[in-house]
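The values are calculated or read from the model by the stated rules, or taken from the named source; none is laboratory data. Note that this is a predicted model, so its numbers are computed, not measured. Every residue, glycine among them, receives a Cβ derived from its backbone with ideal geometry; neighbour counts consider all protein chains shown.
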Ligand code: PMP
Ligand code: GLN
């Protein structure tokens with residue numbers, strides 16, 4: 001008789017809601033992916049790479065050209081934000097950057113690198129749904145700290161109180177999925193103090209690093225010397241270049257942690273598909289391909305928020321990511337999962353409930369809507385929401 005390792009685990013809410021949306025033909029603002037085409041120039045770069053013979057295994061840590069492009073991205077972003085690049089120390093492409101098959105596998109590999117059986121990991125809830133299961137799969141224990149509605153910021157006293165001698169890792173995610181919050185410098189100061197006090201490593205999920213709004217800047221853990229030496233940073237090309245289906249990501253960590261990370265990576269992944277790495281590297285030679293992302297998504301966010309004005313939903317703050325939380329207390333008193341399903345089947349708009357991201361499935365009257373969509377899709381969704 002086979003005994004399940006995960007007897008309580010169901011199917012991820014992303015698959016569930018996208019499947020329901022497809023079945024009933026609803027406008028799908030649930031799972032986060034664009035419904036418009038990525039840049040055709042990127043396709044040409046990949047096709048060119050294939051034609052030029054880049055079709056066999058890539059080096060285990062990733063194609064050097066792509067790792068260089070990732071390092072250069074930090075200089076370019078800093079230059080755009082501050083007008084000079086002298087203060088930024090980009091990660092070392094040889095010893096600190098590893099290309100992975102998506103952000104999810106980068107997260108899993110980092111967790112597998114750090115967590116031993118019985119180790120505890122602090123996770124802020126609501127949390128992206130892969131963190132907890134990855135900890136459990138490696139014999140660890142997820143310990144949840146709360147990000148409370150409506151401002152969703154950490155309570156550092158709670159985080160300290162939850163920490164024990166078994167705590168080895170804290171997972172942070174800013175810009176934050178699903179709430180759209182972005183940490184300011186004070187949060188990093190608290191994190192640094194926390195990590196020093198308890199000697200805990202950091203896993204920083206920065207997949208939405210380039211998507212922030214209203215002049216708010218993303219602060220990378222890499223820019224904080226007191227944290228950088230103990231941190232794994234995860235990013236994803238899926239979010240940056242509108243190619244979620246390509247599943248290519250990055251893990252950046254100091255050389256001693258990267259050496260350990262690659263011990264796991266070499267047997268979990270070995271290498272990531274070659275022509276897409278080469279194509280991305282060539283595409284990124286033009287920094288304009290990624291420097292305008294915040295402006296692009298701010299237009300979408302503002303457009304969507306404007307459309308919601310004609311509905312009974314309330315618009316919550318959104319400082320980053322391509323997700324907008326909408327409150328539905330004026331519309332229904334159902335639990336978020338029930339309301340999300342009824343919104344999909346009866347009103348034709350799919351969104352993501354937050355309770356599956358919260359231990360104990362605590363429901364609040366908010367749903368997450370993805371605005372990485374054509375304006376016509378957002379208009380259609382808003383028309384339907386206005387009739388709710
Ligand atoms: N972390 C967060 C917060 C995400 O929203 C996503 C998107 N699915 C990922 C990690 C995983 O990224 P990828 O699609 O590259 O695996
Ligand atoms: N990151 C995306 C989201 O949050 C998709 C996640 C997934 O499909 N696993 O919607």
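Is it the case that some residue within region 79-102 is within 16 Å of ligand 2 (Cβ to nearest atom) and within 30 Å of residue 376 (Cβ to Cβ)?
Keep residues of region 79-102 that are within 16 Å of ligand 2 (Cβ to nearest atom), which gives 100-102.
Checking the rest, the ones that are also within 30 Å of residue 376 (Cβ to Cβ) come to 102.
Looking through region 79-102, at least one residue is within 16 Å of ligand 2 (Cβ to nearest atom) and within 30 Å of residue 376 (Cβ to Cβ).
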Evaluation of residue 181 against (1) more than 13 Å from ligand 1 (Cβ to nearest atom); (2) within 19 Å of the chain's Cα centre (by Cα); (3) assigned to a loop (DSSP other than H, G, I, E, B); (4) touching a residue at least 60 places away in the same chain (Cβ under 8 Å) (one fails), failing number = (1)
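How many of the residues making up region 222-232 are touching a helix residue (DSSP H, G or I) at 6+ places or on another chain (Cβ under 9 Å) and free of Cβ contacts under 8 Å to residues at least 40 places away in the same chain?
If we filter region 222-232 for residues that are touching a helix residue (DSSP H, G or I) at 6+ places or on another chain (Cβ under 9 Å), which is where we start, we get 222-224, 226-232.
Now drop any that are not free of Cβ contacts under 8 Å to residues at least 40 places away in the same chain, which leaves 224, 226-231.
Of the residues in region 222-232, 7 are touching a helix residue (DSSP H, G or I) at 6+ places or on another chain (Cβ under 9 Å) and free of Cβ contacts under 8 Å to residues at least 40 places away in the same chain.
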query = Take the residues of region 355-365 that are assigned to a loop (DSSP other than H, G, I, E, B) and in contact (Cβ under 8 Å) with a residue 24 or more places away in the chain: which is nearest to residue 379 (Cα to Cα)?
reply = 365
task = Take residue 202 and decide whether it is outside any helix (DSSP H, G or I), farther than 30 Å from residue 57 by Cα and touching a strand residue (DSSP E or B) at 6+ places or on another chain (Cβ under 9 Å).
result = yes
task = Go through the residues of region 73-94 one by one and say whether even a single one is more than 21 Å from residue 258 (Cβ to Cβ), loosely packed, with under 14 Cβ neighbours inside 10 Å, at pLDDT 95 or above and touching a helix residue (DSSP H, G or I) at 6+ places or on another chain (Cβ under 9 Å).
result = no
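To keep it simple, each residue is scored yes or no on (1) within 11 Å of ligand 1 (Cβ to nearest atom); (2) part of a helix (DSSP H, G or I).
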| site | (1), (2) |
| --- | --- |
| 186 | no, yes |
| 208 | yes, no |
| 218 | no, no |
| 222 | no, yes |
| 226 | no, yes |
| 238 | yes, yes |
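Is it true that residue 69 is under 30 Å from residue 356 (Cα atoms) and surrounded by 22 or more Cβ atoms within 10 Å (Cβ to Cβ)? Write out each step before concluding.
Details: under 30 Å from residue 356 (Cα atoms): no; surrounded by 22 or more Cβ atoms within 10 Å (Cβ to Cβ): yes.
No, not satisfied.
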request  = Please tell me if residue 55 is at pLDDT 95 or above, in contact with a helix residue (DSSP H, G or I) (Cβ under 9 Å, 6 or more places away or on another chain), surrounded by fewer than 16 Cβ atoms within 10 Å (Cβ to Cβ) and not in a helix (DSSP H, G or I).
outcome  = yes
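Being away from ligand 1 (no atom under 16 Å from the Cβ), in contact (Cβ under 8 Å) with a residue 60 or more places away in the chain and either assigned to a helix (DSSP H, G or I) or within 24 Å of the chain's Cα centre (by Cα) (or both) narrows it down to one of 20, 66, so name that one.
Values: 66 fails: away from ligand 1 (no atom under 16 Å from the Cβ).
20 is the lone residue from the list that is away from ligand 1 (no atom under 16 Å from the Cβ), in contact (Cβ under 8 Å) with a residue 60 or more places away in the chain and either assigned to a helix (DSSP H, G or I) or within 24 Å of the chain's Cα centre (by Cα) (or both).
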ask   = Within region 154-177, can you find the residues that are touching a helix residue (DSSP H, G or I) at 6+ places or on another chain (Cβ under 6 Å) and within 16 Å of ligand 1 (Cβ to nearest atom)?
value = 169, 171
task = Could you please find all residues in region 21-37 being over 17 Å from residue 244 (Cα atoms) and within 14 Å of ligand 2 (Cβ to nearest atom)?
result = 21, 22
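Go through region 1-17 and count every residue that is part of a helix (DSSP H, G or I) and either free of Cβ contacts under 8 Å to residues at least 60 places away in the same chain or more than 14 Å from ligand 2 (Cβ to nearest atom) (or both). First the steps, then the outcome.
As a first pass, look at region 1-17 and keep what is part of a helix (DSSP H, G or I): 13-17.
Okay, now just the ones that are also either free of Cβ contacts under 8 Å to residues at least 60 places away in the same chain or more than 14 Å from ligand 2 (Cβ to nearest atom) (or both), so 15-16.
Looking only at that region, the number is 2.
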inquiry  = Please return the ranges of helices (runs of 4 or more DSSP H) entirely within region 274-354 where 3 or more residues are under 19 Å from residue 21 (Cβ atoms) and either modelled with pLDDT under 95 or more than 22 Å from the chain's Cα centre (by Cα) (or both).
reply    = 336-347
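Looking at the structure I just gave you, is residue 114 within 15 Å of ligand 1 (Cβ to nearest atom), within 29 Å of residue 166 (Cβ to Cβ) and in contact (Cβ under 8 Å) with a residue 60 or more places away in the chain? Steps first, answer last, please.
Values: within 15 Å of ligand 1 (Cβ to nearest atom): no; within 29 Å of residue 166 (Cβ to Cβ): yes; in contact (Cβ under 8 Å) with a residue 60 or more places away in the chain: yes.
It is false that residue 114 is within 15 Å of ligand 1 (Cβ to nearest atom), within 29 Å of residue 166 (Cβ to Cβ) and in contact (Cβ under 8 Å) with a residue 60 or more places away in the chain.
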key: Among (1) within 17 Å of residue 78 (Cα to Cα); (2) without any contact (Cβ under 8 Å) to a residue 24 or more places away in the chain - the single one residue 267 does not satisfy   = (1)
inquiry  = When you check residue 343 against the structure, is it crowded, with 23+ Cβ neighbours inside 10 Å and more than 16 Å from ligand 1 (Cβ to nearest atom), yes or no?
reply    = yes
